[in-house]
1. State the antiparallel share, in %, of DSSP beta bridges confined to the chain, rounding to the nearest 5.
2. Kindly list the residues of region 158-185 that lie in the label zone of Asp2, defined by a backbone N under 12 Å from the point 7 Å along the Cα-to-C-beta vector.
3. Sort Tyr106, Tyr65, Tyr131 so that the residue with the fewest other Cβ atoms within 10 Å of its own Cβ comes first and the one with the most comes last.
4. Looking only at trypsin sites (Lys or Arg not before Pro) in DSSP loops with at most 16 other Cβ atoms within 10 Å, what is the longest site-free stretch of the chain?
5. What ranking do Phe11, Phe126 get, fewest neighbouring Cβ atoms within 10 angstrom at the top?
6. How far apart, in nanometres, would the label points at Phe11 and Arg82 be if each is projected 7 angstrom from Cα along the Cα-to-Cβ direction?
7. Once you have a ≥ b ≥ c as the square roots of the Cα gyration tensor eigenvalues for region 104-185, tell me rounded if a/c is under 1.5, and otherwise prolate or oblate according to whether a/b is larger than b/c.
8. Just tell me which aspartates and glutamates come within less than 12 Å, Cα to Cα, of Lys97; anything on the same chain fewer than 8 places away is out.
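Every number in this text was worked out from the coordinates using simple rules, so none of it is lab data. Everything numeric here is computed off the predicted structure, so don't read it as measured data. Using ideal geometry, Cβ is built from the backbone for each residue, glycine included, and neighbour counts are taken over all protein chains shown.
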Amino acid sequence: MDQLTIAGRTFSSRLMVGTGKFSSSAAMKAALEASGADIVTVALRRVDLNDPGDDMLSHIDRERYLLLPNTSGARDAEEAIRLARLARAAGCEPWVKLEVTPDPYYLLPDPIETLKAAEVLVRDGFTVLPYINADPVLAKHLQEAGTATVMPLGAPIGTNRGVRTRDQIAIIIEQATVPVVVDAG
């Protein structure tokens, strides 16, 4: 399998695995091990990063996996920035999966607030991986702002529809100067 390099860091797997929706921490740990993934996303709202005994975190080997905090649940740029800074203050690496989703039902990313947050976080020294609609124009703006990837959605989160935005993603890939990571679907 091809390696994935983001911001100068090489990963042996292109798969990123989230920690949500598992029936137990043991099931999550087994899934992580079976996946072969090197990157594990963690919703900042679901864990206490200051508590090393947090059950979920205790099952993630930080020597084996990059723990990638995400700002899931942030409704605007200000909230996303605050969450990212909290993760860094709690000892996480300055990497963040930026998610700004003002609509709690459809969880579609807000392009304006995402770009605002990305600009601030990049200036603050974060490695930013933004979750976006499959919008080639926005992807270019985010790359110009200094994000480490762009992460266009294949379909809305949780819909189990697979990749429905192929044509737009193809344009993003064609124009990309950073890795493109297809997210959701």
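1. The antiparallel fraction comes to roughly 15 percent.
2. 173-174, 179-182
3. By the 10 Å Cβ count, ascending: Tyr106, Tyr65, Tyr131.
4. Here the longest run is 76-160.
5. Phe11, Phe126
6. 2.8 nm
7. Note, shape of region 104-185 comes out oblate.
8. Qualifying aspartates and glutamates at Cα under 12 Å: Asp183.
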